[in-house]
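A.B. asks: Provided herewith is a single structure, encoded as structure tokens, for subsequent inquiry.
The values are calculated or read from the model by the stated rules, or taken from the named source; none is laboratory data. Bear in mind the structure is a predicted one, so any value in this text is a computation, not a measurement. Methodologically, a virtual Cβ is constructed for each residue, glycine included, from the backbone with ideal geometry; neighbour enumeration extends over all protein chains shown. Note: accessible area is taken over every heavy atom of the protein model, side chains too, but ligands, DNA and RNA are not part of it. Shrake-Rupley method; radii C 1.70, N 1.55, O 1.52, S 1.80 Å.
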Amino acid sequence: MLSLSLDSIVFTKYLFFTGKGGVGKTSVACAVAVGLADAGKNVLLVSTDPASNLQDVFHTDISNKGIALEEVPNLVVANLDPIQAAAEYRESVVGPYRGKLPESVITNMEEQLSGSCTVEIAAFNEFSKYLTESDVAQAYDHIIFDTAPTGHTLRMLQLPSAWSGFIETSTHGASCLGQLAGLEEKKEVYGHAVATLSDAALTTLVLVSRPEQTPLKEAAKASSELSELGAKNQFLIINGLLADYDDSVSEAFSLKQQRALADAPKALSTLATYYVPLRSYNVLGLANIRALLTADAVDSRKFTLEAGEISRLSAVVDDLVRNERKVIFTMGKGGVGKTTVAAAIALNLVARGKKVHLATTDPAAHLKFVVEEGASLTMSRIDEQAELARYRVEVLDKARETMSKDDLAYIEEDLRSPCTQEIAVFRAFAEIVEKASDRIVVIDTAPTGHTLLLLDSTQSYSHEVERTQGEVPESVARLLPRLRSEETEVIIVTLPEATPVFEALRLEEDLRRADITTKWWVINSSLYLANSTNALLSAKAQHEIEWIDEVARHTDGNFAVIAWSPDEIKGEKLLEL
């Protein structure tokens, strides 16, 4: 594996930086963009990340039209807002029906258009302009996108049969298809954009990952999905590799990274791979952007934590017991440690004399590795793929009763969406909660607010127009009011870094729309509490303070912090968090 150097790579005209949230896509994309501009190339850098921090990185306001940076003469930076784009797109679809259809139908349409698929499509809609407009192509040598479309979105846009007629008459319980409404007139633009993405002479997909297990798996999945669509010109960047260690914490940190790389999915082994060393500083400001690929400068400044006393996880459990919570969800993005936190909460509840059922969707059966069943603790695992397969068969069988082959293609594509998997798993969770009435239920993966509202609105709408086909089981219908009641607690799990915190805030907003409130946040894997003497790690720990303080302010002090650990936290160790 070579260190990433602009001199060793031939860059195509279009570069898409993709990867799991929090891996450093923006930092690496900015460093490449500035480096190419400094080398005399005309470069456009476009971000479609809803939580984009390009304005912070460059210390200037950045619009969706793009601005030229005075300090980097050949670089123009644009910050597209897919949330705003999604809102405008949603209104363009729903607006014509206001005052003409019942309000309940309008509400249903708005919810159909409120999920992550709509944001993805709106983002694709925005940056398609940069892919297809000839004057843009002529003005720049390189056009760099921070955040690429998923394979799912691309497949949706490639579907060949008539869109609008199918969508208007869709009654089969699918999850994302309504979000395609209104795109009919853009089919030609999307066709051009998808063709450009698939042209290896024009486009490179740059997969960015941390040297950690979950981001590497996600990079492999993205690589595979995009290859199937013809986007095969790819390379991999491992961001944040710790090269040297000089204390027990930094040695363990490095060994953990090396194990993750050794166990990386085989699909990544065929890609050219480069690495960017772990840096002690946040990549903000031009000096740090220019240094990212070439040098570290340890920032030894000390920051003062304003949050005051930091609670441990036991304080969260005490509160759950005091308030007699019966259903507890741990929620957050992949890789933040939901399973470990859920297991720790369950074991702590058992230690306080409670009977607990702990449920997970972890495909690696990680749960049984970290905690053992006993008289007061039962466990179950939801097999996501089995549940999804069961749901797919159910929906397709019903769809075949009334639909043509072309229209079935929409259903089959929709059934590959994250929303569909979430709904299938949610049904299984609902059954578990129904059966576990005599004990506290702790669940380590939960549906988003969007999924809950979609299920709710779909059911209401179906009743109203008498065209329900029974896709929503009674256990699901009963669970939503239960989740909105005081017997339920949703605990947000995050990391002490910018992107995971921004993502957690969006998740919380999603839940608020579904009338589900949150109280506690748990910040996992904190170097601040690990007390490393290594200069680089201790400097990074100081930078965590900003995000711990941010969570403290946001939650009004209802947060706990778990220290970074080199080991698997299991068994009795769960009681020490």
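A.B. asks: Would a scan of the stretch 478-494 turn up a residue that is at pLDDT 85 or above, touching an Asp or Glu at 6+ places or on another chain (Cβ under 9 Å) and of a type in the set (Ser, Thr, Tyr)?
C.D. replies: The answer is yes, given that some residue of the stretch 478-494 is at pLDDT 85 or above, touching an Asp or Glu at 6+ places or on another chain (Cβ under 9 Å) and of a type in the set (Ser, Thr, Tyr).
A.B. asks: When the stretch 389-408 is examined, which residues are found to be within 14 Å of Ile423 (Cβ to Cβ), of a type outside the set (A, V, I, L, M) and either in contact with a Ser or Thr (Cβ under 7 Å, 6 or more places away or on another chain) or open to solvent by less than 40 Å² (accessible area, probe 1.4 Å) (or both)?
C.D. replies: The one that is within 14 Å of Ile423 (Cβ to Cβ), of a type outside the set (A, V, I, L, M) and either in contact with a Ser or Thr (Cβ under 7 Å, 6 or more places away or on another chain) or open to solvent by less than 40 Å² (accessible area, probe 1.4 Å) (or both): Tyr391.
A.B. asks: Of the residues Ser175, Ser114, which single one is modelled with pLDDT under 70, more than 27 Å from Leu36 (Cβ to Cβ) and surrounded by fewer than 23 Cβ atoms within 10 Å (Cβ to Cβ)? Give the steps one after another, and end with the answer.
C.D. replies: On the way: Ser175 fails: surrounded by fewer than 23 Cβ atoms within 10 Å (Cβ to Cβ).
Unique residue meeting the criteria: Ser114.
A.B. asks: Name the single residue, out of those in the stretch 531-569 being among the polar types (S, T, N, Q) and farther than 24 Å from Gln213 by Cα, that is least open to solvent (accessible area, probe 1.4 Å).
C.D. replies: Step one: filter the stretch 531-569 for residues among the polar types (S, T, N, Q), giving 531-534, 538, 542, 555, 558, 565.
Filter once more, so that each one left must be farther than 24 Å from Gln213 by Cα: 533, 542, 555, 558.
Values: Thr533: 110, Gln542: 28, Thr555: 12, Asn558: 44 Å².
Step by step, filter the stretch 531-569, then rank; the result is Thr555.
A.B. asks: Right, something else. Which one of these does Asp299 not meet: (1) assigned to a loop (DSSP other than H, G, I, E, B); (2) among the charged types (D, E, K, R); (3) modelled with pLDDT of 90 or more?
C.D. replies: (3)
A.B. asks: For the stretch 1-95, list the helices (runs of 4 or more DSSP H) that sit wholly inside it and hold at least 1 residues that are within 17 Å of His142 (Cβ to Cβ); which are they?
C.D. replies: On the way: elements: 25-38, 54-58, 82-94.
Answer list for the stretch 1-95: 25-38, 54-58.
A.B. asks: Since Ser525 meets every condition but one in (1) more than 28 Å from Val327 (Cα to Cα); (2) part of a strand (DSSP E or B); (3) hydroxyl-bearing (Ser, Thr, Tyr), which condition does it not meet?
C.D. replies: With (1) more than 28 Å from Val327 (Cα to Cα); (2) part of a strand (DSSP E or B); (3) hydroxyl-bearing (Ser, Thr, Tyr) applied to Ser525, the lone miss is (1).
A.B. asks: Checking the condition open to solvent by 40 Å² or more (accessible area, probe 1.4 Å) and either within 23 Å of Leu205 (Cα to Cα) or touching a strand residue (DSSP E or B) at 6+ places or on another chain (Cβ under 7 Å) (or both), which residue from Tyr245, Tyr275 passes? I'd like the intermediate steps shown before the answer.
C.D. replies: On the way: Tyr245 fails: either within 23 Å of Leu205 (Cα to Cα) or touching a strand residue (DSSP E or B) at 6+ places or on another chain (Cβ under 7 Å) (or both).
Answer to the selection: Tyr275.
A.B. asks: Is there a residue being crowded, with 19+ Cβ neighbours inside 10 Å, assigned to a helix (DSSP H, G or I) and either in contact with a Leu (Cβ under 9 Å, 6 or more places away or on another chain) or at pLDDT below 85 (or both) anywhere in the stretch 509-522? Don't jump to the end; show me each part of the working.
C.D. replies: Initial filter on the stretch 509-522 (crowded, with 19+ Cβ neighbours inside 10 Å): 510-511, 514, 516, 520-522.
From what's left, assigned to a helix (DSSP H, G or I): 510-511.
Retained after the next criterion (residues that are either in contact with a Leu (Cβ under 9 Å, 6 or more places away or on another chain) or at pLDDT below 85 (or both)): 510-511.
Yes, the conditions are met somewhere in the stretch 509-522.
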